[in-house]
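The values are calculated or read from the model by the stated rules, or taken from the named source; none is laboratory data. Keep in mind it's a predicted model, so treat the numbers as computed, not measured. Virtual Cβ from ideal backbone geometry, glycine too; neighbours counted across all protein chains shown. For accessibility, only protein heavy atoms count, side chains too; no ligands or nucleic acids. Shrake-Rupley method; radii C 1.70, N 1.55, O 1.52, S 1.80 Å.
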Amino acid sequence: MIMAQVSMTVRMDAGVKAAFDSLCQQFGMSANAAMNIFANAVVKTKSIPFKITAYQPEDQVLKDFYDFRREVAASDRPELTMEEINEEIRLAREEREAKRRASQ
């Protein structure tokens, strides 16, 4: 289901914005896509439900993943469905492709 899109302005320190943009690029998404994923997850879980990092040693990533899975299993927070995750990825890819075409 496609819903109406609206714009939102966020004010932040220029250095934080530059660092955020750089990290989002490392994650393979735009800052806009990251903010959409964040907002959807916060609304769905009514909490800050995840941790994103640019790099962690693989053993720490697995530990964090299993810790998070245990936390979710023990809580009453709903998980994102595969359809919701796939839709966020699809929108991020469309946005990235549109930006690529616009820069050509």
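Can you pull out the residues in the stretch 75-104 that are open to solvent by 90 Å² or more (accessible area, probe 1.4 Å) and either of a type in the set (Val, Ile, Thr) or more than 16 Å from residue 34 (Cα to Cα) (or both)?
Hits for the stretch 75-104 are 76, 79, 82, 83, 100, 101, 103, 104.
Starting from the stretch 71-82, take each residue that is closer than 12 Å to residue 46 by Cα and list its partners that are surrounded by 10 or more Cβ atoms within 10 Å (Cβ to Cβ) and not charged (D, E, K, R), counting only C-beta distances under 6 angstrom and pairs at least six apart or across chains.
Close Cβ pairs satisfying both conditions: 77/45.
Please indicate, with yes or no, whether at least one residue in the stretch 25-33 is more than 20 Å from residue 91 (Cα to Cα) and either of a type in the set (Asp, Glu) or part of a helix (DSSP H, G or I) (or both).
Checked the stretch 25-33: no residue is more than 20 Å from residue 91 (Cα to Cα) and either of a type in the set (Asp, Glu) or part of a helix (DSSP H, G or I) (or both).
Answer yes if at least one residue in the stretch 92-99 is within 12 Å of the chain's Cα centre (by Cα) and of a type outside the set (Ser, Thr, Tyr), and no otherwise. Reasoning before the result, please.
In the first step, residues of the stretch 92-99 are kept if they are within 12 Å of the chain's Cα centre (by Cα); the result is 92.
Cutting the leftovers down to of a type outside the set (Ser, Thr, Tyr) gives us 92.
For the stretch 92-99, residues within 12 Å of the chain's Cα centre (by Cα) and of a type outside the set (Ser, Thr, Tyr): present.
Filter the stretch 1-42 down to the residues that are over 12 Å from the mean Cα position of the chain (by Cα) and under 14 Å from residue 87 (Cβ atoms), then identify the one that is modelled with the lowest pLDDT.
Checking each candidate, the answer is 1.
Hey, among 90, 70, 96, which residue is of a type outside the set (Asp, Glu) and farther than 20 Å from residue 30 by Cβ?
Working: 90 fails: farther than 20 Å from residue 30 by Cβ; 96 fails: farther than 20 Å from residue 30 by Cβ.
The match here is 70.
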